[in-house]
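The values are calculated or read from the model by the stated rules, or taken from the named source; none is laboratory data. Note that this is a predicted model, so its numbers are computed, not measured. So basically every Cβ, Gly included, is an ideal-geometry build from the backbone, and we count neighbours across all protein chains shown. Remember, those area values only see protein heavy atoms, side chains included, never the ligands or the DNA or RNA. Shrake-Rupley method; radii C 1.70, N 1.55, O 1.52, S 1.80 Å.
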Amino acid sequence: VAIFDSLVDHTNPDLANVVREFSEDEQRALGCGQWGYNASLAGGQSADSFSADDHATHCAGVIGASWDGSGVSGVASDVSIVSVQVSEFDMEDSIALSSMLRGFAFVDRYNNACATADEKIRVVSASIGFVTSTRSIDAAVRELGSQHGTVTVMSAGNSRGNKDADLLFGSSLAQNPYA
């Protein structure tokens with residue numbers, strides 16, 4: 001599962017065993033850092049140079065936190081979490097369309113590099129405040145879905161309103177079988 005948000009805290013005890021760590025060879029091949037990909041900056045800088053965020057870590061925990069009798073337990077604790085930073089830490093609601101598209105491009109590169117189907121990212125989770133016209137997001141979601149079987153889950157509101165009712169946002173993904 002790719003978490004499109006800020007950076008997931010890989011040191012969190014409930015997530016330490018599920019956050020994907022990239023080898024040096026993988027980092028070179030995919031243009032990512034040891035703990036994820038930073039799509040929020042042009043040039044795809046390593047996500048490792050930024051500090052983790054509570055929201056991304058919370059979202060990752062709901063999905064994949066260990067069932068160990070302490071802290072939070074995720075709904076799929078045997079999953080692998082790939083952190084894809086699409087937001088800036090110092091600017092509230094600063095998720096650009098280009099950051100989202102770079103994130104989807106990274107997932108495509110990642111999936112193309114996988115040796116087996118079991119290693120591919122099957123779900124993109126984007127619990128983020130993102131409001132813009134989304135023909136390009138719709139196309140990216142369709143491409144990942146048709147090429148790799150990846151399903152993208154977008155937040156329906158958060159603090160940015162009801163995306164299902166927004167003609168620019170909800171309607172463009174409403175007919176997408178991979179969203």
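If I ask for residues that are at pLDDT below 85 and either surrounded by 16 or more Cβ atoms within 10 Å (Cβ to Cβ) or small (Gly, Ala, Ser) (or both), which ones from segment 120-133 would you list?
Pass one, segment 120-133, residues at pLDDT below 85: 127-133.
Of everything in segment 120-133, those that are at pLDDT below 85 and either surrounded by 16 or more Cβ atoms within 10 Å (Cβ to Cβ) or small (Gly, Ala, Ser) (or both) turn out to be Ser127, Ile128, Gly129, Phe130, Ser133.
Keeping to segment 110-119, report how many residues are surrounded by fewer than 16 Cβ atoms within 10 Å (Cβ to Cβ), under 14 Å from Glu26 (Cα atoms) and not small (Gly, Ala, Ser). Give the steps one after another, and end with the answer.
Filtering segment 110-119 for residues surrounded by fewer than 16 Cβ atoms within 10 Å (Cβ to Cβ) gives 112-119.
Now narrow it down to the ones that are under 14 Å from Glu26 (Cα atoms): 112-115, 119.
With the extra rule that they be not small (Gly, Ala, Ser), the set shrinks to 112, 114, 119.
Counting residues in segment 110-119 that are surrounded by fewer than 16 Cβ atoms within 10 Å (Cβ to Cβ), under 14 Å from Glu26 (Cα atoms) and not small (Gly, Ala, Ser) gives 3.
Whether any residue in segment 134-146 is of a type outside the set (Gly, Ala, Ser), within 19 Å of Arg20 (Cα to Cα) and at pLDDT 75 or above is what I want to check.
Scanning segment 134-146, I find no residue that is of a type outside the set (Gly, Ala, Ser), within 19 Å of Arg20 (Cα to Cα) and at pLDDT 75 or above, so the answer is no.
Got a number for residues in segment 27-41 being under 18 Å from the mean Cα position of the chain (by Cα) and either crowded, with 22+ Cβ neighbours inside 10 Å or outside any loop (DSSP other than H, G, I, E, B) (or both)? Talk me through it step by step, then tell me what you get.
Of segment 27-41, the ones under 18 Å from the mean Cα position of the chain (by Cα) are 27, 30-41.
Then drop every residue that is not either crowded, with 22+ Cβ neighbours inside 10 Å or outside any loop (DSSP other than H, G, I, E, B) (or both), which leaves 27, 30, 32-33, 35-40.
Total satisfying the criteria: 10.
Quick check on segment 94-105: of everything there that is at pLDDT 90 or above and out of contact with any helix residue (DSSP H, G or I) (no Cβ under 7 Å at 6 or more places or on another chain), which residue is least open to solvent (accessible area, probe 1.4 Å)?
Only one residue fits best here, namely Gly103.
Looking at (1) in a loop (DSSP other than H, G, I, E, B); (2) at pLDDT 65 or above, which one does Met91 not meet, given that it meets all the others?
(2)
It is to be established whether one or more residues within segment 152-174 are touching a strand residue (DSSP E or B) at 6+ places or on another chain (Cβ under 7 Å), open to solvent by 60 Å² or more (accessible area, probe 1.4 Å) and at pLDDT 60 or above.
Yes, there is a match, as at least one residue in segment 152-174 is touching a strand residue (DSSP E or B) at 6+ places or on another chain (Cβ under 7 Å), open to solvent by 60 Å² or more (accessible area, probe 1.4 Å) and at pLDDT 60 or above.
Let me spell it out: the conditions are (1) at pLDDT 80 or above; (2) in contact with a helix residue (DSSP H, G or I) (Cβ under 7 Å, 6 or more places away or on another chain); (3) open to solvent by 40 Å² or more (accessible area, probe 1.4 Å), and Ala76 meets all of them except one. Which number is the exception?
For Ala76, the failing item is (3).
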